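> My questions will all concern the structure given below.
Taken together, the values in this text are just the output of simple stated rules run on the coordinates, not laboratory data. What you see is a predicted model; the values in this text were computed from it and never measured. For neighbour counting, all protein chains shown are included, and Cβ atoms are generated from backbone atoms with ideal geometry for every residue, glycine included.
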Amino acid sequence: MRLLILGGSGNVGSMVIPALRPAYSVRVLDLVEPKFECDDFVQGSLLDEAVLTRSVSGMDAIIYSVMGEYEVACANRNLATVANNHDLSVKGLHLALHAAHEAGIRKAIFLSTFNVYKDYLRGVVSGEDVPAATDEIYGFTKLLGESVCKMFGDFHGMTTIAFRLYAPRPDAKWRDAAARGHIRCLAASDLTEAIRCALRFEQSGYHLFSISGDHEEKKIGMRHAREVLGWSPQARV
């Protein structure tokens, strides 16, 4: 399977791409070259139609790992931050899914976030059935991005999958965090396996999954991921 990973040179892409290869052929689209080996690299902006059209050509699936600026303190008064997040989590995602659909790509994975919940750090979230709401621009635009995925899944026959991720980090850093009691953080190895499960998943339409390291599900319920994808976190301290 040939994967296009948009924003693949960033933190999350750097965690998962080395583990996805060589089982998958990986093309990265990003403004900066990745620090790891991939099969193909396209340098440019996903907001550039020519670059995006060239990037989706010949691909079987896309993974959208682009992140906007995460600046909670100034998010609602800094216009540049607002524009950046809308460009990357909404406009860019819509353009990518449109280009993918036009190219005949049937599967897309969107890496969303638990920031769609205003109070997620206080552990009040229990799963996908909990209504999401926030006034923080990073999480709000990710929530809008989930709606974009739903539209393409509902009306264009694609399989669109949104993962709400809880603080993903490399396994070594995850172990340090988990040892300090931050068990909800997501290990890179578990995220990689969730992506593999999603790539094997064939049911069309839109699907939303909560993905965290809370293997006992004390704070975050992941029943949907377990029952539909066959995924649950395996990392342990």
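> Could you compute the FRET efficiency for GLN43 and ARG200, with r as their C-beta to C-beta distance and R0 at 22 Å, rounded to 0.05?
0.15
> Would you kindly derive the ³J(HN,Hα) couplings of region 7-19 from the backbone phi angles with the Karplus curve 6.51 cos²θ - 1.76 cosθ + 1.60 (θ = phi - 60°), listing them in order in whole Hz, with x for Gly and Pro?
Each residue's phi maps through the Karplus curve to give x, x, 7, x, 4, 5, x, 5, 6, 9, 4, x, 7 Hz.
> Counting only the backbone N, which residues of region 133-173 are under 17 Å from the spot 7 Å out from the Cα of ALA80 toward its beta-carbon?
Under cut-off, by backbone N: 138.
> To continue, here is another question. Considering amide H positions built from the backbone, and no H for Pro or chain starts, which residues 5 or more places from TYR206, or on another chain, come under 5 Å of its amide H?
The answer is ASP154, THR160.
> Step through the residues of region 212-225 one at a time and calculate ³J(HN,Hα) from phi using the Karplus curve (6.51 cos²θ - 1.76 cosθ + 1.60, θ = phi - 60°), rounding each to whole Hz and writing x for Gly and Pro.
Running phi through 6.51 cos²θ - 1.76 cosθ + 1.60 with θ = phi - 60° gives 8, x, 6, 5, 8, 6, 6, 10, 10, x, 10, 4, 4, 5 Hz.
> Between HIS156 and HIS215, what FRET efficiency comes out of the Förster formula 1/(1 + (r/R0)^6) with R0 = 41 Å and r the beta carbon distance, rounded to 0.05?
Efficiency, rounded to the nearest 0.05: 0.70.
> Using helices alone, what [θ] at 222 nm do you get for the chain, with -39,500 (n - 2.57) per DSSP H run of 4 or more residues, divided over all residues and rounded to the nearest 500?
-10000 deg cm²/dmol
> Would you list, by chain and number, the lysines whose Cα falls below 30 Å from the Cα of LYS91, excluding same-chain residues fewer than 8 positions away?
Straight-distance partners of LYS91: LYS35, LYS107, LYS118, LYS142, LYS150.
> OK, next. Within the chain, which is the longest segment that contains none of the chymotrypsin sites (Phe, Trp or Tyr not before Pro) sitting in a DSSP loop with at most 15 other Cβ atoms within 10 Å?
Within the chain, the longest run free of exposed chymotrypsin sites (Phe, Trp or Tyr not before Pro) spans 71-237.
> List the relative contact order of the chain as a percent without decimals, with contacts defined as Cα pairs under 8 Å and 6+ residues apart.
Relative CO of the chain lands at 17 percent.
> Less than 12 Å Cβ to Cβ from LEU4, Lys/Arg counted +1 and Asp/Glu -1: what total charge do the surrounding residues give?
Computed value for this residue: 0.
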